[in-house]
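First comes the structure, then the notes that go with it.
The values are calculated or read from the model by the stated rules, or taken from the named source; none is laboratory data. These numbers were taken from a predicted model, which means no experiment stands behind them. Here the Cβ positions follow ideal geometry from the backbone for every residue, glycine too, while neighbour counts run over all protein chains shown.
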Amino acid sequence: MAIIFTLNGKSVSVDVDAQTALLEVLRNDIELNGPKFGCGLAQCGACAVLLDGRSVRSCVLPVSAAAGKSVTTLEGLGNASDPHPLQSAFIEEQALQCGYCTSGIIVTAAALLAKNASPAEEDVKKELSGHLCRCGAQARMIRAVMRAAAQLEGSES
Amino acid sequence: MTVTRREFLQASGVLVVCFALPGCTRETTAGKAGYARLGNRLRINANGTVELMLGKVEFGQGIGTALAQMVAEELDIDFGRVHLSSVDTDRSPDESYTFSSISIQQSGPPTRRAAAQARGLLLTRAAERLDQPVDTLRVVDGEVLTGNVATNLNYWRLIGDEEITIDLTEQVMLKSVSDYSIVGRSLERIDIPGKVFGDASFLQDLRLPNMVHARVVRPAAERASVKTIDTAKIEKLPGVLSVVRDGNFIAVIAEREGQARRAANLLRETISWVLPSDLPDSDKIYQWLRNAESREEPVASRSSESDVGSTTTVKASYQRPFQAHASISPSAAIALYDNGKLTVWSHAQGMYPLRGAIAQVLGMDIENIRCVHCEASGCYGHNGADDAACDAAALAVKFPGRPVRLQWERRDEMTWEPYGSAMHIEISADVDETGTVRAWDYDLWSCPHSSRPRNAEQSGNLIYAQHRAAPAELPPPQSIPQPNGGADRNAVPLYTFDNMDVVKHLVTDRPMRVSALRGLGAYANVFAIESFMDELAARSQEDAIAYRLRHLDDERAIAVLKRLMDVSAWSRRPPAGSGEGWGIGFARFKNRSAWVGVVMRVIVKNGNISLQHASAVCDAGLIINPDGAGAQIEGGIVQSASWTLKEQIRFDNDRKQSVDWVSYPILGFDETPTITVDFMERSNQPSLGIGEAAQGPTAAAIANALYHATGQRQRRLPLSA
Ligand code: FES
Ligand code: FES
């Protein structure tokens, strides 16, 4: 049975077993690169996407849970010609080493900034504490999120 | 499908070469225009681009960007013109493994020479056409100028539609460092934009037409074997194409990834294993190391005639558990076997060694195998990548005609990657009445620190070679000799002790797979030496840095420590036992690479350790990209802090118990300190590797800070509050 949801602003319909992990559909059927497979156990955050604005782990979420909802991945936040402030800030701070954890972290940070445009550094750390980065780029990523927040605030005032 | 193959290929940018299947046309260069090709290093295209064929692999350490800076510098072109090609055994230079933080040292000089040679050649052409002496010409972004006057010539026109191929020479004039304008600058890394916009950047993003998905079902323990298995039901599951069983090597191939996963999980449930129950307990590992079969190898000794007078002997021992690379992406590989030719896409650290090892294991000719590197997450040494590549290759041969994508699960990575070996270290020092160390005895016990499948003889280290029905013999344990050293890396202190004896006891029994984890033995050795120096300084009631300084005669080491005192505001160190502690750790990596000193500030409160701030000072000679180099040191500090405070592979007699991120936690966002990194200005000195230079000093800095905060000395990793 076809499952219909909104993906990065466009309606998509996929015809797969309803139990298929949303991550598999996004990566293998729709061929998006943003969300990554890191553990498949909801432990690392590499697969995070936004479901109706909330950061969720797409590796353990059946695609049926997205039916009728809106899914946003890294690709949906922005692109090279129209980047999300977080994407620009990650480039400016050179806030990643291998970058495998990056997509999930940017997505979760985007959800945070959407509800709290001027977070304290502690809020950022807390919000990202469910994400793992093995390369040790955390300090730079926190700086990047703070920079994006400052930029968002500047553009609103 | 929302993305066409062509759009996909375009989006993949610098990684395009990954996507070139044998038999497909490569899409790396546009049009038919000419080029000048310098050996297998560099290709200057008449369309204004320059392709750098890497011999080392990128895994986020920024090697590609640093080498591209060197090319742009020597060629006098804009950095943006340089494109990178990943290592591919069909066309790239063979630089073996990317390891030991020596990529800049190894790859830099030939890359620089190739670019300088190209510039020389093109300028000679220009001089002939303009009828001007070469030394009156200058180049700005490929445009040839006489003095400040533009000519109508540039590199691209000088090449035109010719196809020029030149052998590399050793003798070329290089630009002098004082003229550098691109090297030494913090240019943005080439690969970062693609990674923040979701372009295809990783092996995981490589989707080949008609690709199938595979999962392995690993034995319940190392050396466990199948007692009974029932494949019949699994073969009938939807989407399952093949259930592969070759001795204890078991895998499932299916149309869809989820189908392969599910089938592998169900298949696992049908298997009963014969468990050898031959592991020492993780809590008794140090006793085991001390008593296991080992080979004694002298590492260094020094003796002096001078009278040491009356001395006191001080002793301590230090321990480090088995620890994991624990890469964020579990290992994966894609392999295609077609018409007797095998292509393997892998994120391993050496494509040429991998090709040799796979050829040996599968009994194929090297000419029929092509290994192509694609990035995955950071690997930090020899993780599961090579094993996954061999798994995929073996499956592809059994399932020809379609690309087989093998993805390890998190549990596969945690329990089957080769760990960094546990170590036990005993130090004994004779200290005179002034507190000076007059004699130093150092003994370390460790399993080997490399089991890379580096060639045919070592290919037996691959999991598939061990698990298949006719297993290979396990290659004998390897000892890495000084000056680099394996277990004994950095076992020789940089300090000026009159008498010294350093001995390695290489444990030849291997209860579990072990290999190179970032820094190898340096991490534990520096932890031990620098902790002990701190103990000796405290015993002598001296300042920890001053005590080190008076045992040093290496000028650059002294300069690093003095700078560190400044930048860390060492004089403002709080009193001992206050709950806030500042600790120092210092080493020169391998005693021949970069010098790094770290001061870590911690607060211990209510049984919690909170890392506040790390100040690091590094002397790495000429820095190609200061921001990139800083990122490497920062990453090294955080990873080491994670090893030091959190990490230990746990196991009982039967099997490993560290199987995922809950049972093997690592440092989180809410636990990382802020970090500052200062580099010594040494641009007139050769570049030195930094990727592994901060880990040992960080471990000691934390241990010493905890002692300073609480008065409790901890000698066994990981440390606790
Ligand atoms: S892959 Fe989903 S949380 Fe790790
Ligand atoms: S940048 Fe490599 S895991 Fe985070």
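Side notes on the structure shown:
- Under the condition of being away from ligand 2 (no atom under 15 Å from the Cβ) and either over 16 Å from the mean Cα position of the chain (by Cα) or within 21 Å of A:Leu32 (Cβ to Cβ) (or both), the residues counted in segment A:89-115 number 4.
- Of the listed requirements (1) under 30 Å from B:Arg539 (Cβ atoms); (2) aliphatic (A, V, I, L, M); (3) assigned to a loop (DSSP other than H, G, I, E, B), B:Ala469 misses just one: (1).
- Identity of the residue in segment B:107-150, among the hydroxyl-bearing types (Ser, Thr, Tyr) and surrounded by 15 or more Cβ atoms within 10 Å (Cβ to Cβ), that ends up farthest from B:Val82 (Cα to Cα): B:Thr146
- B:Ser658 modelled with pLDDT under 95 and not in a helix (DSSP H, G or I): no
- Matching residues in segment B:37-58 - criterion: being within 14 Å of another protein chain (Cβ to nearest Cβ) and either surrounded by fewer than 24 Cβ atoms within 10 Å (Cβ to Cβ) or in contact with a His (Cβ under 6 Å, 6 or more places away or on another chain) (or both): B:Val57
- Pairs linking a residue in segment B:312-335 that is within 12 Å of chain A (Cβ to nearest Cβ) to a residue that is part of a strand (DSSP E or B) and within 16 Å of ligand 1 (Cβ to nearest atom), with Cβ atoms under 6 Å and 6 or more positions apart or on different chains, are B:Ala332/B:Gln407.
- Pair list, Cβ under 7 Å, 6 or more apart: segment A:1-25 residue farther than 20 Å from A:Lys36 by Cβ, other residue exposed (fewer than 10 other Cβ atoms within 10 Å of the Cβ) and acidic (Asp, Glu): A:Ala2/A:Asp15
- Candidates B:Asp230, B:Asp167: the one that is outside the structural domain of B:Phe79 (by TED's automatic domain parsing) and loosely packed, with under 14 Cβ neighbours inside 10 Å is B:Asp230.
- If you go through segment B:112-151 and pick out every residue that is basic (Lys, Arg) and more than 36 Å from the chain's Cα centre (by Cα), you end up with 3.
- All positions within segment B:544-564 that are under 30 Å from the mean Cα position of the chain (by Cα) and outside any helix (DSSP H, G or I): B:Leu552, B:Asp554
- Checking each residue in segment B:545-576 for being surrounded by fewer than 17 Cβ atoms within 10 Å (Cβ to Cβ) and more than 29 Å from B:Trp440 (Cα to Cα) picks out B:Asp566, B:Val567, B:Ala569, B:Ser571, B:Arg572, B:Pro574, B:Pro575.
- Criterion applied to B:Ser310, B:Ser282, B:Ser304 was being more than 19 Å from B:Ser421 (Cα to Cα) and either surrounded by 12 or more Cβ atoms within 10 Å (Cβ to Cβ) or aromatic (Phe, Trp, Tyr) (or both), and the one residue passing it is B:Ser304.
- Out of B:Leu645, B:Leu667, one residue alone is within 14 Å of chain A (Cβ to nearest Cβ), in contact with a Pro (Cβ under 8 Å, 6 or more places away or on another chain), more than 16 Å from ligand 1 (Cβ to nearest atom) and more than 30 Å from B:Pro109 (Cα to Cα). It is B:Leu645.
This table checks each residue for (1) more than 21 Å from the chain's Cα centre (by Cα); (2) surrounded by 22 or more Cβ atoms within 10 Å (Cβ to Cβ); (3) free of Cβ contacts under 8 Å to residues at least 24 places away in the same chain.
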| site | (1), (2), (3) |
| --- | --- |
| B:Pro665 | no, no, yes |
| B:Glu671 | yes, no, no |
| B:Glu681 | yes, no, yes |
| B:Asn684 | yes, no, no |
| B:Leu706 | yes, yes, no |
| B:Arg716 | yes, no, no |
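Per-residue answers, yes or no, for (1) free of Cβ contacts under 8 Å to residues at least 12 places away in the same chain; (2) assigned to a strand (DSSP E or B); (3) under 30 Å from B:Arg402 (Cβ atoms); (4) of a type outside the set (S, T, N, Q):
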position	(1), (2), (3), (4)
B:Arg261	no, no, yes, yes
B:Ala264	no, no, yes, yes
B:Leu267	no, no, yes, yes
B:Asp278	no, no, no, yes
B:Lys284	yes, no, no, yes
B:Gln287	yes, no, no, no
B:Pro298	no, yes, no, yes
B:Ser301	no, yes, no, no
B:Ser306	no, no, no, no
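- Segment A:33-58: number of residues that are within 9 Å of chain B (Cβ to nearest Cβ), touching a residue at least 24 places away in the same chain (Cβ under 8 Å) and buried (at least 24 other Cβ atoms within 10 Å of the Cβ): 7
- The single residue among A:Leu61, A:Leu86 that is farther than 12 Å from B:Gly198 by Cβ, within 16 Å of ligand 2 (Cβ to nearest atom) and either more than 9 Å from chain B (Cβ to nearest Cβ) or modelled with pLDDT of 95 or more (or both) turns out to be A:Leu86.
- Some residue of segment A:115-124 being facing chain B (nearest Cβ under 7 Å) and either in contact with a helix residue (DSSP H, G or I) (Cβ under 9 Å, 6 or more places away or on another chain) or of a type in the set (Lys, Arg) (or both): no
- Considering segment A:1-114, the qualifying strands (runs of 3 or more DSSP E), each wholly inside and each with 2 or more residues that are within 15 Å of ligand 1 (Cβ to nearest atom), run over A:48-51, A:54-57.
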